[in-house]
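Structure, as structure tokens:
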Amino acid sequence: MKKELAKTYNPKEIEEKLYEKWCENKYFHAEVDESRKPFTTVMPPPNITGKLHMGHAFDNTLQDILIRYKRMQGYNALWIPGTDHAAISTEVKVTNQLKEEGIDKKELGREGFLARTWQWKEEYAGTIENQLKKMGISCDWDRERFTMDEGCSKAVEEVFIRLYEKGYIYKGSRIINWCPKCKTSLSDAEVEHEDQDGHFWHIKYPVVGTDEFLEIATTRPETMLGDTAIAVHPEDERYKDLVGKNVILPLVNREIPVVADAYVDKEFGTGAVKITPAHDPNDFEVGKRHNLEEINIMNDDATINENGGKYAGMERYEARRAIVKELDEQGYLVKTAPHMHSVGTHDRCGTTVEPLIKQQWFVKMEELAKPAIEALKTGELKFVPERFDKTYLHWLENIKDWCISRQIWWGHRIPAYYCDECGEFVVARKMPKKCPHCGCTHFTQDEDTLDTWFSSALWPFSTLGWPEQTKDLEYFYPTDVLVTGYDIIFFWVIRMVFSGFEHTGKSPFHTVLIHGLIRDSQGRKMSKSLGNGIDPLDIIDQYGADALRLTLVTGNAPGNDMRFYHERVEASRNFANKVWNASRFILMNVGDEGVAEPDAKLFNAADKWILSKVNTLAKDVTENMDKYELGIAVQKIYDFIWDEFCDWYVELVKYRIYHKEEKPAEADCALWTLKTVLGNALKLLHPFMPFITEEIYGALKPEEESLMMSDWPVYKEEWNYPSDEALLGHVKDITRGIRNMRSEMNVPNSRKTKAFIVSEDAGFLCGLEQLKESVQPLMAAGDIVMESEKKEIAEDAVSIVVPGATVYLPLEDLVDFEQERERLAKEEDRLKREIKRAEGMLSNEKFISKAPADKVQSEREKLEKYTQMLSQVQERMAGLGGCVRP
RNA sequence: GGAGACAUAGCUCAGCUGGGAGAGCAUUUGCUUGACGUGUAAAGGGUCGCAGGUUCGAGUCCUGUUGUCUCCACCA
């Protein structure tokens, strides 16, 4: 049953239909099957905070290419999709949505808020699923997961309890990053440092018992309300006498000691530092060393609390201004200098983070990090490209304990229960019956939830059933490749790796394929605030999913960022159209009844050449795919289809097709080869452009069920035809030479000329003879005359010298002999230079002795070739000499 | 302060383990050739940032240098 294809490719007509077919036939679904090898990957779960952006399209396209490739290779390919609850981000979004409706989140209460957030989740997870489907993503929808679904939640609870029981999770009062807007603690990774213009305020403190002053400098004067010491360097001569003495804290009028601590940099500022243990991580450490009091001066919303005396109730920057003003009025402010400093901000809301001392839950990282470091060193885990090893190792080797508790509602609640009587807590799977400390029977669960990355860290195994030892887990785990952007190596990749080792004893994947960011045409990050984001669905709507996918994977090296602009998608769309039309031509000619495989002896050189080419292409592409060089792989396929198959083979085949009646056997060779080579090319292209390839393949081989489930092409020894490749190489050289000449001389295409091809190579002439009719139109030749030596060729002809042959085009009146002579002289010059170069290399003894034999050999061959060409040119020039026209 | 990346044709970028510089777009000029003008044939355009080094040979490896960007880091 033959299908008619439309004149231009219209993606909309086929994409949805094909995706439905794939789903209906369960092609994306994988089950345990011991007879086959699994290939597993888990999708980095997109946040349910909104629609997918171009980065997601990129990430998922790469994964889809790999999974489709492996599926065709015969692996039992499993790709698990899902979404992430994105704790803080989602909570912020829902809170804002409520605010717009005039509802305060607190009014709703925890339960009400969670119910509302689940609604949000349903809506957005649906949108995301839809978007992924439009992109052609072949993940197993039957296994779609959510980081807060039952199974993932169970895994989270189990991990928390196990880590607690092993002593890796502890509750402690430590200085943490606090977001005053979201009113929650944050991990170090969630804090972004940005340089801001600020001030350096120099303040002098009276030294008790003297009339001296000690000058310090600070960027955050409001924190002086919580100062409990001044620190100087122990070897700082300037301040040696002051160590041990006290100073008066201005405004507050508290006496605080001067301590010596090596943390202080003598060269920086005044060399004396105010110490606020409750509001600075370093000061906190200094405070611990010197047993200093920790005075918390701030409320959770970053207003000053009752410890701030008369500043209590003021917002932090308001307090700063008031304090500076007052210091100035009272003569304590020495000077104010502009100062650029780094300010920590919350990566989700941009609010300046406040370091505060809080009771929080932490994961002790040192031990957990060890196997993750080791894995990279032993090769159990590798990054592509390798340079990300350093990023990974640097982070792990300097890792600090992970603050995992968050003071928000949307997330996994911490399984710790506090006794209502004595306040002691119990970590347990269920609410305990009786307090082991006091016997009380009433408990309250910890209000905090876990960092969103705590659950995504378990994603590669929680989605396969862990903590149960399921068949899925046994068969599909460890997964194979993880594809993700370099921006979440710290957040996610590292945490998955150490979690994998800790809970399953294995690395969760052997390879991490890292990609970059998609930027706009000017190289800027796509962001909501800039409004420069491009919606992948808009692109799909305009150009089709395949064009989008091809754009995302072309011309990009792993790990590098990419600029996205319409011209690139247009180029991809044009390629899709090219494939479509070449296929249309083939389908029109192949006919309904199909073509039987001809006897190999009947193939002509062009057939063998293209079979040989597609054969090596399969081999090369496979190698590139295995090295994750997807951009190189697709470039080779693109070049093959367009430059070799369409521009040469299809053209070379037309003569035989149009003369089918006379010589049916020859036409069949052409048709069979067209169909076969196209089929293989479609297979190779399929992972990149799944829709168009599947559609065409369905028309080309209606007897087969599906392209996506067909076999990946492998190299065949019987399709290796080196001599035909060489012959076609010559034919192309000659054709290009003729076209070039005609173009230069402005010969209209309608004017066909004879072409005399003179060569001493009988084999070549014989091969060419076979292709004569096929090749004639490409050379715009009315006839081709082949001769072993120059005979009766009109004097008024131009000559084209190619390796092994000279071509004469009798262009009669068009030939300007002066011009022809000049051209030949230029050619002679060029060849002489080439010969000189080759001779130079070959006369270099070191080259002969040190270079690989095949390089030396190829230089010799070049020398021979050029020498021969030179004599052809010179012969022609001599022949021309006798007939100079006045 | 530490680490990394990039610097190649007018623009955006490829170039894998070193062996005569490539693509797409843009520009110029032909072509209604029975799949495609979303096409086709041709042309112009590069001291591969700079300086050294290793090598028979460097866009590719090493060192230094300049410029741009990114990440990490507690300099108050």
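The values are calculated or read from the model by the stated rules, or taken from the named source; none is laboratory data. All of these numbers come straight from a predicted model, not from anything done at the bench. Note that each Cβ is placed from the backbone with ideal geometry, even for glycine, and that neighbours are counted across all protein chains shown. Accessible surface is based on the protein model in full, side chains and every heavy atom, while ligands, DNA and RNA are left aside. Shrake-Rupley method; radii C 1.70, N 1.55, O 1.52, S 1.80 Å.
Some points to look at:
- Residue list for the stretch A:381-396, restricted to those being in contact with a helix residue (DSSP H, G or I) (Cβ under 8 Å, 6 or more places away or on another chain) and either outside any strand (DSSP E or B) or farther than 11 Å from A:V493 by Cβ (or both): A:L381, A:K382, A:F388, A:D389, A:T391, A:Y392, A:L393, A:W395, A:L396
- Among the residues making up the stretch A:282-301, those that are under 42 Å from the mean Cα position of the chain (by Cα) and under 26 Å from A:K335 (Cα atoms) are A:N282, A:D283.
- Look at the stretch A:229-248: where a residue is of a type in the set (F, W, Y) and a partner is in a strand (DSSP E or B), sitting 6+ places away or on another chain with Cβ atoms under 8 Å, you get A:Y239/A:L214; A:Y239/A:V232; A:Y239/A:V258; A:Y239/A:A272.
- Considering residues of the stretch A:727-740 that are closer than 14 Å to A:A805 by Cβ and near RNA strand B (Cβ under 9 Å from one of its atoms) only, the residue most open to solvent (accessible area, probe 1.4 Å): A:R736
- For the stretch A:163-182, the count of residues that are within 16 Å of RNA strand B (Cβ to nearest atom), open to solvent by less than 10 Å² (accessible area, probe 1.4 Å) and farther than 30 Å from A:F498 by Cα is zero.
- Qualifying positions in the stretch A:542-567 - more than 6 Å from RNA strand B (Cβ to nearest atom), free of Cβ contacts under 8 Å to residues at least 60 places away in the same chain, open to solvent by 20 Å² or more (accessible area, probe 1.4 Å) and out of contact with any Leu (no Cβ under 8 Å at 6 or more places or on another chain): A:Q542, A:Y565, A:H566
- Condition check for A:I295: farther than 18 Å from A:T184 by Cβ and hydrophobic (A, V, I, L, M, F, W, C): yes
- Filtered residue count, the stretch A:247-276, keeping only those that are open to solvent by less than 50 Å² (accessible area, probe 1.4 Å), in a loop (DSSP other than H, G, I, E, B) and in contact with a strand residue (DSSP E or B) (Cβ under 8 Å, 6 or more places away or on another chain): 6
- Test: residue in the stretch A:203-212 that is under 32 Å from the mean Cα position of the chain (by Cα), without any contact (Cβ under 8 Å) to a residue 40 or more places away in the chain, more than 16 Å from RNA strand B (Cβ to nearest atom) and assigned to a loop (DSSP other than H, G, I, E, B): no
- When A:R110, A:R116 are checked against the criterion of being assigned to a helix (DSSP H, G or I) and either closer than 30 Å to A:T504 by Cβ or out of contact with any helix residue (DSSP H, G or I) (no Cβ under 7 Å at 6 or more places or on another chain) (or both), A:R110 stands alone in meeting it.
- Of the criteria (1) open to solvent by 70 Å² or more (accessible area, probe 1.4 Å); (2) more than 40 Å from the chain's Cα centre (by Cα), which one A:F603 fails: (1)
- A:E839 passes every criterion in (1) closer than 19 Å to A:T806 by Cα; (2) surrounded by fewer than 16 Cβ atoms within 10 Å (Cβ to Cβ) apart from (1).
- Residues located in the stretch A:27-46, provided they are of a type in the set (S, T, N, Q) and surrounded by 20 or more Cβ atoms within 10 Å (Cβ to Cβ): A:T40, A:T41
- Residue satisfying all of: in the stretch A:610-639; under 19 Å from A:K675 (Cα atoms) and open to solvent by less than 10 Å² (accessible area, probe 1.4 Å); nearest to the chain's Cα centre (by Cα) among these: A:I637
- Scan the stretch A:757-779 for residues that are within 16 Å of RNA strand B (Cβ to nearest atom), touching a residue at least 40 places away in the same chain (Cβ under 8 Å) and open to solvent by 10 Å² or more (accessible area, probe 1.4 Å) and the total you get is 4.
- One residue from A:T470, A:T444, A:T479 being over 30 Å from A:G112 (Cα atoms) and either in contact (Cβ under 8 Å) with a residue 12 or more places away in the chain or of a type in the set (K, R) (or both): A:T479
- Filtering the stretch A:565-591 to residues that are at pLDDT 95 or above and of a type in the set (G, A, S) leaves A:A571, A:S572, A:A576, A:A582, A:S583.
- Among the candidates A:S499, A:S521, A:S529, residue that is more than 8 Å from RNA strand B (Cβ to nearest atom), among the polar types (S, T, N, Q) and out of contact with any Leu (no Cβ under 8 Å at 6 or more places or on another chain): A:S529
- Selection status of A:S153, among the hydroxyl-bearing types (S, T, Y) and assigned to a loop (DSSP other than H, G, I, E, B): no
- Condition check for A:F200: hydrophobic (A, V, I, L, M, F, W, C) and near RNA strand B (Cβ under 10 Å from one of its atoms): yes
- Residues in the stretch A:397-410 that are assigned to a strand (DSSP E or B) and open to solvent by 20 Å² or more (accessible area, probe 1.4 Å): 0 in all.
- Some residue of the stretch A:166-187 being touching a residue at least 40 places away in the same chain (Cβ under 8 Å) and in a helix (DSSP H, G or I): no
- Members of the stretch A:340-350 that are within 15 Å of RNA strand B (Cβ to nearest atom) and out of contact with any Ser or Thr (no Cβ under 6 Å at 6 or more places or on another chain): A:M340, A:S342, A:G344, A:H346, A:D347, A:G350
- Candidates A:R830, A:R823, filtered to the one that is within 27 Å of A:N740 (Cα to Cα), within 11 Å of RNA strand B (Cβ to nearest atom) and either in a helix (DSSP H, G or I) or open to solvent by less than 100 Å² (accessible area, probe 1.4 Å) (or both): A:R830
- Out of A:P371, A:P338, one residue alone is open to solvent by 20 Å² or more (accessible area, probe 1.4 Å) and modelled with pLDDT under 95. It is A:P338.
- Of the numbered criteria (1) open to solvent by 40 Å² or more (accessible area, probe 1.4 Å); (2) more than 10 Å from RNA strand B (Cβ to nearest atom); (3) in a helix (DSSP H, G or I); (4) not charged (D, E, K, R), the one A:Y655 fails is (2).
- Within the stretch A:335-368, being assigned to a strand (DSSP E or B) and either in contact with a Pro (Cβ under 6 Å, 6 or more places away or on another chain) or among the β-branched types (V, I, T) (or both) holds for A:T336, A:V343, A:T345, A:T352, A:E354, A:P355, A:I357, A:V363.
- Residues that are in contact (Cβ under 8 Å) with a residue 24 or more places away in the chain and more than 7 Å from RNA strand B (Cβ to nearest atom) within the stretch A:833-865 comprise A:I835, A:E839, A:L863, A:K865, listed in sequence order.
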